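Enquirer: Can you read through this structure? Questions will come right after.
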Amino acid sequence: MRLQMEEVRRITGPNLLSDSPGAWLDAWVSGVDKQKVCRYWSANMEALLEKLGWTEKTYTRIYADGISVAISAPFDILYAACDAVELAWLQTAAELHGESLDDFDALYGALQKAIQEEQNPVLLNLIAKSEQQGVAFLTDDDEFSLGMGTTTAVWPVAELPEADSLSWGSFKSIPVGLITGTNGKSTCVRLAAAIAAAAGLSAGVTSTDFIRVGEKILDTGDYSGPGGARMLLRHPETEMAFLEVARGGILRRGLPVTQCQAALITNIAADHLGQYGINTVSELAEAKFVVDKGLAEDGILILNADDPELVRLAPTSTHHVCWFSLNKANSRVQAHLLQGLPVCFYHDDQLHYKAQGIEFQLPVDQVTISVGGTAKYNIANALGVLGLVMALKLPLEAVQQGMQRFGKHLDDNPGRGNICRYRGAQVIVDFAHNQHGMRGIVDMALQLSASRKKVMFGLAGDRSDSDMRALVDELLRLSPDQFIIAELKQYLRGRKPGEVPRLVQDYLWQHTVDPDNINVAENSLSGAKLALSDAKAGDLILLFVFTHRDQILALFNEE
């Protein structure tokens, strides 16, 4: 029997199990009925809550190789709540092994002390008053803030003001859009920000690459979690915010903010499965769908009508839905058209938005990232963004200008569907790193004429052998004249050096690819240089850039 705690963590916002902050524990469980383990933990947790005098709720979730257990908890004692969840787990593990937890009294005493040290009634009073007044608040270990953008006021958690001393009417919110999905998130937040900029607004963006307000990059790195959202929403120059909400942030901490006006889910596809108890595409969809909990009562959820998982989950939402689709004949699109409800679709080489009293069309050749209509995945992204910015009531003129302008320069969307020229060759640079993303790029490339085709790519070591072969299958559809396999040394993730390139080589040989047409590069940069070394007019070169993106893009400025 295996009962091994994997991790216990604070949850600071709406999450997969509840709408509230709290404490969450993941555990590996095998050799025993998981339902039984959950029952034991629930009984121990509820007894402990009663002993503490807490009126919090308990939650459990079972997945392939373990369970998750959680409780709701006030903001001021989330660390102590983690201790409480862990104590109930230790009791459960002991009981299932036929033992008793001998040091329960000592652990319970330490828990009581932690609660006393963490309690912050002033913080809880401010949160309660914020909710009563309808004022946005953000809190973390160090700071508490009220309002957003120019009206933001921030205090250290240890130096909070009394709620009655504040002028509550001075704190205002700003329009916020949440964007999640498997692919297209970064493209969508940037395109939406470009449309807001065309409307004259200082739009803020969080993404896996950077956090930015207007044209000012505040910091680089992965800011797709709650920390980036707080930094952006507290910045005095932010007038509208588009937050990339990644799976990891949702599962580790919950949503960064609530009461948002719109949320977009681009698509759901297999990626990063096996982490945080998410082992299937359906479970991944449910994790992404948590953004629905971040919407205000009158908020709008923008969903991909071509995605079966999102279609499955849509009835669970209590919010208005705006569907988008590449197919006007999609049944959900047709239903919304008949009812006059918001809908976006692609038809006759135009992007359409229709709602009661509003009708808007934009020719696809005015959507720069669509590459003349060949990049269907970016047409889908643009449709999702169209629904998002219309939900945020941005003007149609700004929508048209933003769609036209965005993507004309490499800096607009670096590493996402960039079309470059090098010695007359056409080069596509993209971050695609899963099957769904690669398929979109290959589908676009198949529509482009070329006398010779090359592809450079690398694969992270934490993917299964079968997942890697599936990625290579997408590239084989292109029938490249040359394959260049880049070793991703920073992403071996348990693999031995050279193991991934050898696996890919073997698979290519099985598909009768000439060994002379396969090269291995020490990293993405050297692989890109090799692909470009004899580039000439008529070539089509695909560079799937997982590392060294900025250095690779700089090669096109040097030509």
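Derivation of every value follows stated rules applied to the coordinates shown; laboratory data play no part. Because the structure is predicted, anything quoted here is derived from the model rather than measured. Cβ coordinates were reconstructed from backbone atoms using ideal geometry, including for glycine residues, and neighbour counts include every protein chain displayed.
Enquirer: Under a plain spin-label model, where a point goes 7 Å from the Cα along Cα-to-Cβ, how far apart in nm are GLU46 and ASP462?
Expert: 3.6
Enquirer: Helix 435-445: angle to the longest alpha-carbon principal axis of the chain, degrees 0 to 90, nearest 10?
Expert: 20
Enquirer: Using modelled amide H (1.01 Å from N, peptide plane; none on Pro or chain starts), what sits under 5 Å from the amide H of LYS57, excluding residues fewer than 5 places away?
Expert: SER72
Enquirer: Same structure, new question: Enter the angle in degrees (range 0 to 90, nearest 10) between the Cα long axis of helix 499-510 and the first principal axis of the Cα atoms of the chain, meaning the one along which they spread out most.
Expert: Compared with the principal axis, the helix lies near 50 degrees.
Enquirer: Going by Cα centres, the stretch 360-391 and the stretch 297-330 are how many Å apart?
Expert: 17
Enquirer: If you work out P(r) over Cα pairs in 20 Å bins from 0, in percent from the coordinates, which of [x] 20, 49, 28, 3; [y] 21, 53, 25, 2; [z] 19, 44, 31, 6, 0 do you get?
Expert: [x]
Enquirer: Ok, one more. Of ALA521, THR316, TRP54, whose Cα points farthest to the positive end of the dipole of the chain (charges on the beta-carbon: +1 Lys, Arg; -1 Asp, Glu; origin at the Cα centre)?
Expert: Among ALA521, THR316, TRP54, the one farthest towards the positive end of the dipole of the chain is ALA521.
Enquirer: Taking H placed 1.01 Å from N in the peptide plane, check which residues at least 5 places from GLY66 or on another chain put their amide H under 5 Å from its amide H.
Expert: VAL29
Enquirer: Follow-up. Farthest toward the dipole's positive end in the chain, which of ILE77, ALA163, GLN261, given Cβ charges of +1 (Lys, Arg) and -1 (Asp, Glu) about the Cα centre?
Expert: After comparing all options, I get GLN261.
Enquirer: Among bridges DSSP assigns within the stretch 176-412, what percent are antiparallel (round to 5)?
Expert: Counting only bridges with both partners in the stretch 176-412, antiparallel ones make up about 45 percent.
Enquirer: Quick check: net charge around GLU117, other residues with Cβ under 14 Å of its Cβ, Lys/Arg +1 and Asp/Glu -1?
Expert: Its environment carries a net charge of -3.
Enquirer: With a ≥ b ≥ c taken as the square roots of the eigenvalues of the C-alpha gyration tensor of the stretch 452-498, please select rounded if a/c is under 1.5 and otherwise prolate if a/b is larger than b/c or oblate if it is not?
Expert: Oblate is the answer for the stretch 452-498, as a/c is 1.5 or above yet b/c matches or exceeds a/b.
Enquirer: Pulled fully out, how much extra length does the chain show between GLU6 and VAL311, if you take 0.36 nm times their separation in residues and subtract their Cα-Cα distance?
Expert: Contour length minus the Cα-Cα distance gives 106.5 nm.
Enquirer: If you add up the charges near ASP550, with Lys and Arg at +1 and Asp and Glu at -1, over every other residue whose beta carbon is less than 12 angstrom from its beta carbon, what do you get?
Expert: Charge balance near ASP550 sits at -1.
Enquirer: I would also like to ask the following. Starting from the stretch 421-498, pick out the trypsin sites (Lys or Arg not before Pro) whose DSSP state is loop and whose Cβ has at most 14 other Cβ atoms within 10 Å.
Expert: The qualifying sites are ARG423, ARG477, ARG493.
Enquirer: Counting only C-alpha contacts under 8 Å and six or more residues apart, can you give the relative contact order of the chain as a whole percent?
Expert: 10
Enquirer: Moving on to the next point. I need the GluC sites (Glu not before Pro) found in the stretch 127-234, filtered to DSSP loop residues with at most 11 other beta carbons within 10 Å of theirs.
Expert: GLU162, GLU215
Enquirer: Quick one: what are the phi-derived ³J(HN,Hα) couplings along the stretch 91-103, Karplus 6.51/-1.76/1.60 with θ = phi - 60°, whole Hz, x for glycine and proline?
Expert: 4, 4, 4, 5, 4, 5, 8, x, 10, 10, 7, 4, 9
Enquirer: Roughly how many nanometres apart are two label points built 7 Å out from the Cα toward the Cβ at ASN327 and LYS113?
Expert: Taking the two extended label points, one gets 6.4 nm.
Enquirer: Can you tell which of ALA246, LEU478, LEU178 lies farthest toward the positive end of the dipole of the chain, using +1 and -1 charges on the Cβ of basic and acidic side chains (Lys, Arg; Asp, Glu)?
Expert: LEU478
Enquirer: Can you list residues whose amide H is under 5 Å from PHE144's amide H, if they're 5+ apart or on another chain and H is modeled 1.01 Å from N?
Expert: The answer is TRP155, VAL157.
Enquirer: For the pair LEU410 and THR318, how long in nm is the line joining their label points, each one 7 Å along Cα→Cβ?
Expert: 4.9
Enquirer: Sticking with this one: Could you work out the local net charge near ARG2, counting Lys and Arg as +1, Asp and Glu as -1, over the other residues with Cβ closer than 12 Å to its Cβ?
Expert: Result for the neighbourhood of ARG2: -1.
Enquirer: Moving on to the next point. Short version: ³J(HN,Hα) in whole Hz for each residue of the stretch 115-120, in order, from phi by Karplus 6.51 cos²θ - 1.76 cosθ + 1.60 (θ = phi - 60°), x for Gly and Pro, what are they?
Expert: With the stated coefficients, the stretch 115-120 comes to 5, 4, 6, 8, 3, 9 Hz.
Enquirer: Further, regarding this structure: What is the distance in Å between the Cα centres of the stretch 501-545 and the stretch 1-69?
Expert: The stretch 501-545 and the stretch 1-69 have Cα centres separated by 47 Å.
Enquirer: Given 0.36 nm per residue, what is the gain on full extension from TRP509 to GLU397 after removing their alpha carbon distance, in nm?
Expert: Fully extending the segment from TRP509 to GLU397 adds 35.1 nm.
Enquirer: Using helices alone, I'd like the mean residue ellipticity at 222 nm for the chain: each DSSP H run of four-plus residues gives -39500 (n - 2.57), total over residue count, nearest 500.
Expert: -11000 deg cm²/dmol
Enquirer: Moving to a separate point now. Dipole magnitude of the stretch 2-118 about its Cα centre, charges +1 at Lys/Arg Cβ and -1 at Asp/Glu Cβ only, in debye to the nearest 20?
Expert: 380
Enquirer: Given +1 on the Cβ of Lys and Arg, -1 on the Cβ of Asp and Glu, and no further charges, what dipole in debye does the stretch 176-412 carry about its Cα centre, rounded to the nearest 20?
Expert: Here the size comes out at about 280 debye.
Enquirer: Please work out how much length the chain gains when fully extended from TRP155 to ASP219, using 0.36 nm per residue of separation minus the C-alpha to C-alpha distance, in nm with one decimal.
Expert: Answer, rounded to one decimal: 20.8 nm.
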